[in-house]
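Structure first, then comments.
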DNA sequence: GCACCTATCTGAACGATGTCAACATAATCT
DNA sequence: AGATTATGTTGACATCGTTCAGATAGGTGC
């Protein structure tokens, strides 16, 4: 019989033939849609396949595991995070402001893509390692390191630089995961919005805005 | 002989009576065992019931959900975290050292109970709120706030104090989740152990150890 | 045109899971 | 004692991740 498929979930343009054409991509996109619309708990392999209009076994020709699919989704997230950080750094007026700008951009990315962000870190925590692309050329990590140098860190003291980078990254990650907590709602409102709140918290972390002001005399 | 009160905790030799005696507690303990021994992925309600020696449906008389059980497990974790923080603060030689001590204790707790710690935060993130007991009298949160005051923070500036507390907590959380990454192994080794590494990272976060040292003259 | 190969997709299955309803047993209260 | 409540068990259902045998297409060489 000819393929009388009705393509109930046709997502863009074409009626899908027996062979999808670009299933890997479609699966990753479906994964992201489910992640953001229904949360991480709803992200099953079968649901992704359903959303892509394909049988439950089809994904296994493109991903080894559910975990493998999740990794692909997470990779997209890391890429976009890196881009957001790069943009924030580029737009900073001066070297000092770059660090805070980066931190705010980082947290905003996490707040805008909460489920994606959690997936990104779940994968990292599971294998107790940063994703490979986190250390690549245009990664957020690199930008933080370079921004620290721009802000006056000694580029020759490798250990010091790495410790500072780790500290900044950890602080941003912590803020990213906690900034959404209800307990801070009133404080956020009192400060005129979430971004102001995030900026203030980050500025309390020395790495982001060194407060070198001399203690009040007396 | 129908009564076996003192045999309530025996679980291998004697045949367990029809009624367990203290199933809620046993289930939570079983959950923690599985969590630490086999990781979060292995923590199913059925596995917990199996470990406690009861049928898969028994837990539902004590917990509404799987989530509800997880919450009980997490609560134990938050209690112990609070105790660890309190102890670290009490043992600090001075007010300045207390903050770093607290941070190190926090991270060490997370490193010693990784699966438990993740469960604790998963629950918090899912409901976008800190656990109720995090704000109670002897909680870690309170201790951080008070340690900040001891270290010189203005106790009358509520907003400033809260921002600083949040910053410190976020940084500790970030370090707690990232300190185990393989990428830092060589650095940890070069610094003489994980605790030294953690201490150094935290000290790069200004809140923990204000580096008020005057910039080198010249 | 052909046969063949490989990649891709389907269908049906298996074991495991969260959860529920119906029933069994024990502890407790009158 | 009997009734009630608390706590177990059994059995079922839908869903999940995963595998495997077979169907279907796109591409080769002839």
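The table for this structure:
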{"item": "Close pairs (7 angstrom Cβ cut-off, 6 or more residues apart or separate chains): buried (at least 18 other Cβ atoms within 10 Å of the Cβ) in region A:62-79, at pLDDT below 95 and not in a helix (DSSP H, G or I) anywhere", "result": "A:74/A:131; A:78/A:131"}
{"item": "Among (1) in a helix (DSSP H, G or I); (2) modelled with pLDDT of 95 or more, the one test that residue A:98 misses", "result": "(2)"}
{"item": "Matching residues, region B:20-33, being within 11 Å of DNA strand C (Cβ to nearest atom) and in contact with a helix residue (DSSP H, G or I) (Cβ under 6 Å, 6 or more places away or on another chain)", "result": "B:31"}
{"item": "So residue A:154, is it farther than 30 Å from residue B:159 by Cβ and more than 10 Å from chain B (Cβ to nearest Cβ)", "result": "yes"}
{"item": "Out of A:149, A:166, A:207, sole residue that is in a helix (DSSP H, G or I) and in contact (Cβ under 8 Å) with a residue 12 or more places away in the chain", "result": "A:149"}
{"item": "Flag for residue A:82 being assigned to a helix (DSSP H, G or I), within 9 Å of the chain's Cα centre (by Cα) and surrounded by fewer than 22 Cβ atoms within 10 Å (Cβ to Cβ)", "result": "yes"}
{"item": "Among the candidates B:72, B:84, residue that is within 16 Å of DNA strand C (Cβ to nearest atom), closer than 19 Å to residue B:32 by Cα and either more than 13 Å from chain A (Cβ to nearest Cβ) or modelled with pLDDT under 95 (or both)", "result": "B:72"}
{"item": "Which numbered condition residue A:114 misses (of (1) out of contact with any helix residue (DSSP H, G or I) (no Cβ under 6 Å at 6 or more places or on another chain); (2) within 16 Å of DNA strand C (Cβ to nearest atom); (3) within 30 Å of residue B:121 (Cα to Cα))", "result": "(2)"}
{"item": "Among (1) within 16 Å of DNA strand C (Cβ to nearest atom); (2) out of contact with any helix residue (DSSP H, G or I) (no Cβ under 7 Å at 6 or more places or on another chain); (3) more than 14 Å from every other protein chain (Cβ to nearest Cβ) - the single one residue B:65 does not satisfy", "result": "(3)"}
{"item": "Check on residue B:171, within 30 Å of residue A:122 (Cβ to Cβ) and either at pLDDT below 95 or more than 7 Å from every other protein chain (Cβ to nearest Cβ) (or both)", "result": "no"}
{"item": "Enumeration of residues in region A:45-57 that are farther than 10 Å from residue A:30 by Cβ, in contact with a helix residue (DSSP H, G or I) (Cβ under 6 Å, 6 or more places away or on another chain) and part of a helix (DSSP H, G or I)", "result": "A:45"}
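The values are calculated or read from the model by the stated rules, or taken from the named source; none is laboratory data. Nothing here was measured: the structure is a model prediction, and the numbers come from that model. Neighbour counts run over all protein chains shown; Cβ positions are idealised from the backbone, glycine included.
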